[in-house]
Amino acid sequence: MTAVDSRSPSAHGIDGAFGKSGALKRSASSGRPTIVGSEPRVDLLPTEVHTDRRERATARRAWLAVIVAVLVVALACGAAFVHQADTAQSFADAQNETTALLQQQQRYAEVRAAENDTRLLEAAQSVGGSTEIDWASTLTELRSVLPAGVSITAITIQSADSTEAFAQSTVPMQGARVATLQMTVRSPSIPSVPDWAARLSQLRGYVDSTITTVALEQDSGQYSATIEAHLDEKAYDGKYTKDGSK
């Protein structure tokens, strides 16, 4: 007859774990101590349940990520909308300011046109008057330098203008000129060339002078002389130029 061990499984477990000496046995496969005598627990749930739980947790994390991404996109869109609105307002303000400036310019359009006309007139005067000579003052100076008893009986004036250059002499050693005075004088004596040249040199812009003819008038006993004097650009009065206005 076979003998049957009547010890309980718990006793077998304790003796198996600790042995006869009561030492703690280790698992041969993992080397970790096997605790014997703890409260037994058994997971009776099917594997599908644990798999479903893991999938649900993964789904929750995925939805949370989607929600966070949606919030980030919404914030970005909101910031872009605010920036666009601010830019549009700035552009509208600039347009309004430009319109106001144009309206103000239209108010003073006539004044601006008058100012432009004035500047144009001043420029025309400056160009047209750049070759102007104050002949009244020049003739007064001429009379003041004539010898006593000498009178002017005729005078011819030729001068440059702003559109045509004055003809220059072809005789060598003669200076440039912008005007010519050709006058006929009556003198009680024969005119002296050095004396007349010295007197006429006092004219503003004087270049040179020549006594071309001298004749005795039989009826009056006086001498008639023709004198030609040349003036340069210093004779200009500069009335309509900046230098002349200072």
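Here, each number is a calculation from the coordinates, and none is a lab measurement. Everything numeric in this text was worked out from a predicted model, so none of it was measured. Methodologically, a virtual Cβ is constructed for each residue, glycine included, from the backbone with ideal geometry; neighbour enumeration extends over all protein chains shown.
Could you give the length gained on full extension between T153 and A79, defined as 0.36 nm per residue of separation minus the Cα-Cα distance, in nm?
16.9 nm
Let a ≥ b ≥ c be the square roots of the eigenvalues of the Cα gyration tensor of region 148-243; is it rounded (a/c under 1.5), or, if not, prolate (a/b larger than b/c) or oblate?
Since a/c reaches 1.5 and a/b is larger than b/c, the shape of region 148-243 is classed as prolate.
Residue by residue, what Karplus-based ³J(HN,Hα) values in Hz, rounded to whole numbers, does region 141-157 have, using 6.51, -1.76 and 1.60 with θ = phi - 60° and x for Gly and Pro?
So the Karplus estimates, Gly and Pro as x, are 4, 4, 5, 6, 9, 5, x, 5, x, 9, 10, 8, 9, 7, 8, 10, 10 Hz.
Inverting the mean 1/r over all pairs of different Cα atoms, compute the Kirkwood radius of region 82-188 and quote it in Å.
Taking the inverse mean of 1/r over all distinct Cα pairs, region 82-188 comes out at 20.4 Å.
Starting from one equal scatterer on each C-alpha and no solvent at all, send me the Debye-based log10 I(q)/I(0) for region 63-145 at q = 0.14, 0.21, 0.24 Å⁻¹, two decimals.
-0.80, -1.00, -1.07
Given a cut-off of under 8 Å on Cα pairs at least six residues apart, what relative contact order in percent is computed for region 70-225?
Averaging sequence separation for qualifying contacts and normalising by length gives 18 percent for region 70-225.
Q168 versus K239, label points 7 Å from Cα toward the beta carbon: distance in nm?
Between Q168 and K239, the label points sit 2.8 nm apart.
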